[in-house]
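Q: Take a look at the following structure, please.
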Amino acid sequence: MSFVTFVSGRYLRTRQKRTFISLITVLSIAGVTVGVMALIVVIAVMAGFENDLKSRIMGIRPHLVLTKKQGDFSDYKQVLAVLKPIGEIETASAFITTQVVLRTTTRAAGAVLKGVDPAQGKIGINSVDTGRLLKRHGTKAASGANDQLPGIILGKELAANLGVIRGDTVYMISPRGMLSPAGHIPAMIKYEVADLFESGMYEFDGTMAFVDLKQAQKILRMPASVSGIEIRLQDMDMVKAVANGIEKVVDRDYAIEDWRQMNRNLFSALRLEKTVMFIILALIVLVAAFNIAGSLVMMVMEKRKDIAILKAMGATSGSISRIFVIKGLMIGLVGTLLGASAGLTLCTLLKRYAFIQLPADVYYINTLPVNMKISDVVLIALCALIICFAATLYPARQAAGIDPVEAIRHG
């Protein structure tokens with residue numbers, strides 16, 4: 001053990017004559033502990049919210065969307081054949097999207113209609129069993145005229161607004177109608193509610209409706225065209241590499257948009273909120289760092305004669321300075337380790353037992369989601385140690401500047 005480390009440890013372990021300094025040291029450790037613990041828990045919960053929100057959005061929206069820049073997208077079958085050999089792609093299917101009005105005998109509501117390939121079933125869109133649309137083309141059942149109607153899948157909130165359940169009928173009014181002597185007449189088609197879905201996102205559950213792709217083409221009078229091709233990957237973080245690969249096999253007439261671009265505003269706001277919360281909670285560690293600086297300043301004043309004797313025996317100003325820097329870092333290290341242990345323990349308990357409940361009618365989840373990342377824990381620990389190190393610089397400089405002759409003369 002070096003001379004500097006030995007003296008720093010002795011100053012940290014021994015009981016000072018003034019208990020007030022010891023109390024400030026304990027409070028400094030406690031402050032760093034609480035700050036680090038709060039940072040780890042809050043950042044883990046916010047990361048959990050972000051991941052949960054991302055999984056719910058990606059359950060409905062695709063990872064990549066391929067559209068045509070100009071003209072009708074009529075060669076989508078050839079494009080799908082070109083995309084099939086790309087290994088990272090899990091599913092690729094054509095879709096049509098438009099806005100319609102859904103009406104019952106007593107209610108009406110606007111909706112975003114999406115025509116999809118029913119064959120993709122539950123593989124393509126989470127919580128939406130598009131295979132139920134495929135069953136509508138089966139054999140005729142023995143009862144009910146509704147068995148001949150095309151099927152539609154509604155979001156749970158949209159169905160509640162319309163007052164319908166599975167098996168009821170709704171009328172779809174599309175702006176793509178026909179011209180008549182009386183003017184433009186919107187098209188109106190009758191559908192049977194084949195199924196309901198619940199994604200946990202009101203934006204989807206309250207506005208979206210799914211029909212067979214062929215039905216959507218018929219409604220919009222575009223039998224040979226689609227709006228685009230939606231692509232889902234095995235790993236959603238590979239969108240950049242896959243997009244570059246798609247650009248190499250398709251013409252420049254096509255545009256590719258990934259999930260980051262489609263949800264840019266939402267995830268940018270989440271990252272900004274996470275950064276702001278990190279800065280705010282880091283102030284707790286900063287307050288503890290002021291306590292560390294205060295305790296070191298008072299210790300320098302108390303140990304003036306000891307510092308003078310060490311200098312008279314040959315200790316350099318750099319050695320004296322490092323003594324107090326190391327002592328301050330020891331306080332910060334102890335507080336950081338205790339805070340990291342407490343934060344990880346609390347995150348583990350929250351994740352396993354979920355003892356904090358959220359009102360399900362207000363939030364789309366009923367418990368706090370927790371996603372602990374080692375990188376976040378390491379970053380928080382490093383920031384805490386850097387703040388504690390910065391707090392030691394002024395007291396260490398004051399200790400190094402003490403004149404041994406004056407200090408011994410005046411005690």
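The values are calculated or read from the model by the stated rules, or taken from the named source; none is laboratory data. Keep in mind that this is a model prediction, so the values were computed, not measured. Cβ: placed from backbone, ideal geometry, glycine included. Neighbour counts: every protein chain shown. Ligands, DNA and RNA are excluded from the accessible area calculation, which covers all protein heavy atoms including side chains. Shrake-Rupley method; radii C 1.70, N 1.55, O 1.52, S 1.80 Å.
Q: Of the numbered conditions (1) over 17 Å from residue 96 (Cβ atoms); (2) at pLDDT below 90, residue 215 fails exactly one; give the number of that condition.
A: Failed condition: (1).
Q: Taking the conditions exactly as written (touching a Ser or Thr at 6+ places or on another chain (Cβ under 8 Å), in a helix (DSSP H, G or I) and of a type in the set (Val, Ile, Thr)), does residue 279 satisfy them or not? It would help to see each step written out before you state the result.
A: Numbers: touching a Ser or Thr at 6+ places or on another chain (Cβ under 8 Å): no; in a helix (DSSP H, G or I): yes; of a type in the set (Val, Ile, Thr): yes.
The answer is no for residue 279.
Q: Are any residues in region 227-240 of a type outside the set (Lys, Arg) and open to solvent by 10 Å² or more (accessible area, probe 1.4 Å), and if so, which ones?
A: Within region 227-240, the subset of a type outside the set (Lys, Arg) is 227-231, 233-239.
Matches in region 227-240: 227, 234, 235, 236, 237, 238.
Q: Failed condition for residue 223, given (1) touching a residue at least 12 places away in the same chain (Cβ under 8 Å); (2) surrounded by fewer than 18 Cβ atoms within 10 Å (Cβ to Cβ), with all others met?
A: (1)
Q: Being at pLDDT 90 or above, hydrophobic (A, V, I, L, M, F, W, C) and closer than 18 Å to residue 30 by Cβ is the requirement here; does residue 292 meet it?
A: On the way: at pLDDT 90 or above: no; hydrophobic (A, V, I, L, M, F, W, C): yes; closer than 18 Å to residue 30 by Cβ: yes.
For residue 292, the condition - at pLDDT 90 or above, hydrophobic (A, V, I, L, M, F, W, C) and closer than 18 Å to residue 30 by Cβ - is not met.
Q: Another question, if that's okay. Out of the residues in region 346-367 that are open to solvent by less than 80 Å² (accessible area, probe 1.4 Å) and part of a helix (DSSP H, G or I), state the one that is modelled with the lowest pLDDT.
A: 350
Q: Looking at region 21-71, which of the residues that are basic (Lys, Arg) and surrounded by 19 or more Cβ atoms within 10 Å (Cβ to Cβ) is nearest to residue 243 (Cα to Cα)? Don't jump to the end; show me each part of the working.
A: We begin by selecting, within region 21-71, every residue basic (Lys, Arg); these are 54, 56, 61, 68-69.
Narrowing further to those that are surrounded by 19 or more Cβ atoms within 10 Å (Cβ to Cβ): 56, 68.
Values: 56: 22, 68: 15 Å.
Only one residue tops the list, namely 68.
Q: So, of the residues in region 128-140 that are surrounded by fewer than 17 Cβ atoms within 10 Å (Cβ to Cβ) and under 26 Å from residue 104 (Cα atoms), which turns out to be modelled with the highest pLDDT? Outline the logic, then answer.
A: First, pick out the residues of region 128-140 that are surrounded by fewer than 17 Cβ atoms within 10 Å (Cβ to Cβ): 131, 135, 137-140.
Then drop every residue that is not under 26 Å from residue 104 (Cα atoms), which leaves 131, 135, 137-138, 140.
On the way: 131: 82, 135: 62, 137: 49, 138: 46, 140: 46.
It comes out as 131.
This table checks each residue for (1) touching a strand residue (DSSP E or B) at 6+ places or on another chain (Cβ under 8 Å); (2) within 18 Å of residue 229 (Cα to Cα); (3) at pLDDT 85 or above; (4) surrounded by fewer than 14 Cβ atoms within 10 Å (Cβ to Cβ).
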residue: 73; (1), (2), (3), (4): yes, yes, yes, no
residue: 76; (1), (2), (3), (4): yes, yes, yes, no
residue: 96; (1), (2), (3), (4): yes, yes, yes, no
residue: 103; (1), (2), (3), (4): yes, no, yes, no
residue: 114; (1), (2), (3), (4): yes, yes, yes, no
residue: 120; (1), (2), (3), (4): yes, yes, no, no
residue: 142; (1), (2), (3), (4): no, no, no, yes
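Q: For the structure I just gave you, tell me whether residue 370 is open to solvent by 70 Å² or more (accessible area, probe 1.4 Å), closer than 30 Å to residue 56 by Cα and among the hydrophobic types (A, V, I, L, M, F, W, C). Steps first, answer last, please.
A: Working: open to solvent by 70 Å² or more (accessible area, probe 1.4 Å): no; closer than 30 Å to residue 56 by Cα: yes; among the hydrophobic types (A, V, I, L, M, F, W, C): yes.
When the stated conditions are applied, residue 370 does not pass them.
Q: While we're here: Restrict the check to region 237-257 and report whether at least one residue is farther than 30 Å from residue 331 by Cα, within 17 Å of the chain's Cα centre (by Cα) and without any contact (Cβ under 8 Å) to a residue 24 or more places away in the chain.
A: Looking through region 237-257, at least one residue is farther than 30 Å from residue 331 by Cα, within 17 Å of the chain's Cα centre (by Cα) and without any contact (Cβ under 8 Å) to a residue 24 or more places away in the chain.
So that you can scan it fast, the table gives a plain yes or no per residue for (1) farther than 30 Å from residue 256 by Cα; (2) more than 15 Å from the chain's Cα centre (by Cα); (3) in a helix (DSSP H, G or I):
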| position | (1), (2), (3) |
| --- | --- |
| 26 | yes, yes, yes |
| 35 | yes, yes, yes |
| 45 | yes, no, yes |
| 49 | no, no, yes |
| 52 | no, no, yes |
| 56 | no, no, yes |
| 59 | no, no, yes |
| 62 | no, yes, no |
| 66 | no, yes, no |
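Q: Residue 277 is checked against (1) surrounded by 16 or more Cβ atoms within 10 Å (Cβ to Cβ); (2) within 30 Å of residue 171 (Cα to Cα) and fails just one. What number does that condition carry?
A: If we test residue 277 against (1) surrounded by 16 or more Cβ atoms within 10 Å (Cβ to Cβ); (2) within 30 Å of residue 171 (Cα to Cα), just (2) comes out false.
Q: Shifting gears a bit: For region 373-411, which positions are among the β-branched types (Val, Ile, Thr) and either open to solvent by 90 Å² or more (accessible area, probe 1.4 Å) or not in a loop (DSSP other than H, G, I, E, B) (or both)? I'd like the intermediate steps shown before the answer.
A: To start, the set of residues in region 373-411 that are among the β-branched types (Val, Ile, Thr) comprises 374, 377-378, 380, 386-387, 392, 402, 405, 408.
Of everything in region 373-411, those that are among the β-branched types (Val, Ile, Thr) and either open to solvent by 90 Å² or more (accessible area, probe 1.4 Å) or not in a loop (DSSP other than H, G, I, E, B) (or both) turn out to be 374, 377, 378, 380, 386, 387, 392, 405, 408.
Q: Looking at residue 209, is it small (Gly, Ala, Ser) and surrounded by fewer than 16 Cβ atoms within 10 Å (Cβ to Cβ)? I'd like the intermediate steps shown before the answer.
A: Details: small (Gly, Ala, Ser): yes; surrounded by fewer than 16 Cβ atoms within 10 Å (Cβ to Cβ): no.
Against the criterion (small (Gly, Ala, Ser) and surrounded by fewer than 16 Cβ atoms within 10 Å (Cβ to Cβ)), residue 209 does not qualify.
Q: Could you please give the count of residues in region 218-232 that are of a type in the set (A, V, I, L, M, F, W, C) and at pLDDT below 90?
A: So the first thing to find is which residues in region 218-232 are of a type in the set (A, V, I, L, M, F, W, C), and the list is 219-220, 222, 224, 226, 229, 231.
In the following step, the residues that additionally are at pLDDT below 90 were identified as 219-220, 222, 224.
Result for region 218-232: 4.
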